[in-house]
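Presented below is the structure to which this report refers.
Readers should treat all values here as calculations from the given coordinates under stated rules, not as data from a laboratory. Computed from a predicted model, the values in this text were never measured in an experiment. Backbone-built Cβ (ideal geometry, glycine too); neighbour counts: all protein chains shown.
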Amino acid sequence: MSSAVDVWGGVDRLVDRAPDLADLRAHRLHLLAGRRLRARGLPVPETLVAEERASAAFSLGTPLALELLRASCEGPIVVLKGPELAARYPAPHLRPATDVDVLVEDANDAQQRARRAGFVPLDEREGYYEPLHHLPPLWHPAFGVKLEIHRRPEWVSWSSPPPAEELLDIAVPAAVGVDGISALPAAEHALVVAAHSWSNLPLRRLLDLVDLQVLAGEAGRTRVVELAARWDLVGVWRTMIEAADALLDGGPRTLPLRTWARDLVAVREPTVAATHFRRLAGPVWALPARRAAFAIFAALAREVRPAADESWSAKRIRSVRAIRNAFRRRSEHERTLWRRE
């Protein structure tokens, strides 16, 4: 098991070998890179200084937004990821965040109460959020904080998340330091973070592995493994924590890190092709063979179908451009996706 000192030393080693700041930004380690540059007596780019200031402002606004939410809502409020993880970093603003996720008993009621308290909706597409794990995002202009109220945690596609009631019942006082705001115990939180990350993309980015390493050190590996078996996340947890051990604590380099997740070792942003291959390779490591085959088939079906709010013609345009940009950085592809030719 790694100590916190080992984790941050491992992060420093990754930062030192990153090709450039854009790659660190893709892996969400750019704010930790600023800390490392100062420790080495090196200049910090102005763009990074601006990002540090924005992150510090977000960190200051977050507890104020949570205080307002707590005052306006009834029932338990559990913070997921974001500020609860940031509280375990050398300084909270060193962990990038774009929103605050909370889990509540009655998401619809909490959403309406938050709006009456001054939060404003950012997206009101009719029906779009009905099947999703969270309601439309909210924004509070005074605090500069985006809020997402969750019905349930974001989860892997092949199983259901633990019921919200179960998670709310085991909540503990949050590290964010707001009275009446809770968080998950470290083991449960580690698996919620792992499921969220994997559901977006297997071995998505280095920041997620840093989060898991910190939480695993706090929870104890045995407890997390037992819980992963109950929550159908054994393969996900094993693959992610072994990658974290290899990259942050000098453990043996795993097969994914030598094949479909090599960008983590190189601290590079993945290409478009690598991203698509990751979605197909992930189930092989996450599930037994028979279930993995079904999961791969489902992933292929998702790849060829339009997104929920996308037409078939838009999907065709996007697919053609993905093929053309197969070996470009994913962020470059996304920036040019709808550019007129």
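Please report, in debye to the nearest 20, how large the charge dipole of region 48-159 is about its Cα centre when each Lys and Arg carries +1 at its beta carbon and each Asp and Glu carries -1 there.
Values: 12 positive and 16 negative charges, 55 e Å.
Rounded to the nearest 20 debye, it is 260 debye.
Looking only at the chain, where both bridge partners belong to it, what percent of the DSSP beta bridges are antiparallel (to the nearest 5)? If you can, show how the numbers build up before the last one.
Numbers: 13 of 20 bridges.
Antiparallel bridges make up about 65 percent of those DSSP assigns within the chain.
To the nearest 0.05, what FRET efficiency results for Asn108 and Arg152 with a Förster distance of 22 Å applied to their C-beta separation? Spell out each step's value before the answer.
Working: r = 13 Å, r/R0 = 0.60.
Once the sixth-power term is evaluated, E becomes 0.95.
Would you please give the FRET efficiency between Ala298 and Leu255, computed as 1/(1 + (r/R0)^6) with r the Cβ-Cβ distance and R0 = 30 Å, to the nearest 0.05?
Working: r = 23 Å, r/R0 = 0.76.
Rounded to the nearest 0.05, the efficiency is 0.85.
Sorted by mean Cβ packing within 10 Å, highest first, what order do the peptides 24-37, 170-183 take?
Details: 24-37: 21.9, 170-183: 16.6.
By packing density, highest mean first, the sequence is 24-37, 170-183.
Among the GluC sites (Glu not before Pro) within region 91-142, which fall in a DSSP loop and have no more than 12 other Cβ atoms within 10 Å of their own Cβ? Display every interim value, and only then the final one.
Working: sites: Glu105, Glu124, Glu126; in loops: Glu105, Glu124, Glu126.
Sites meeting the loop and neighbour criteria: Glu124, Glu126.
How much length would be gained if the chain were fully extended between Glu67 and Glu46, taking 0.36 nm per residue of separation minus their Cα-Cα distance, in nm to one decimal? Before the final figure, lay out the partial values.
Details: separation 21, 0.36 × 21 = 7.56 nm, distance 3.27 nm.
Extending this stretch completely gives an extra 4.3 nm.
Would you please state the base-10 log of I(q)/I(0) at q = 0.08, 0.11, 0.14 1/Å for the chain, with intensities from the Debye formula using one equal scatterer on every alpha carbon?
With one equal scatterer per Cα and no solvent, log10 I(q)/I(0) is -0.39, -0.78, -1.33.
Can you pull the one-decimal nm distance between simple spin-label points at Ala54 and Arg221, each 7 Å off the Cα toward Cβ?
The two pseudo-label positions are separated by 3.8 nm.
Give me the one-decimal Kirkwood hydrodynamic radius in Å for region 1-154, with the sum taken over alpha-carbon pairs.
17.1 Å is the Kirkwood radius here.
Starting with the highest mean, order 81-90, 285-294 by the number of other Cβ atoms within 10 Å, averaged over the residues of each peptide. List each step's numbers first, then the result.
On the way: 81-90: 21.0, 285-294: 15.1.
Going by the mean number of other Cβ atoms within 10 Å, highest first, we get 81-90, 285-294.
Taking one equal scatterer on every alpha-carbon of region 100-143, how large is log10 of I(q)/I(0) by Debye at q = 0.22 1/Å?
-0.79
Can you tell me how much longer the chain between Val172 and Arg318 gets when fully stretched, taken as 0.36 nm per residue apart minus their C-alpha distance, in nm with one decimal?
Working: separation 146, 0.36 × 146 = 52.56 nm, distance 4.43 nm.
Full extension from Val172 to Arg318 adds 48.1 nm.
Give or take rounding to whole Å, what are the principal axis extents of the alpha carbon atoms in region 244-313, in descending order?
46, 30, 16
Go through 158-164, 137-143 and give me the packing order, highest mean Cβ count within 10 Å leading. Walk me through the intermediate numbers first.
On the way: 158-164: 15.4, 137-143: 17.1.
Per-residue mean Cβ counts within 10 Å order the peptides as 137-143, 158-164.
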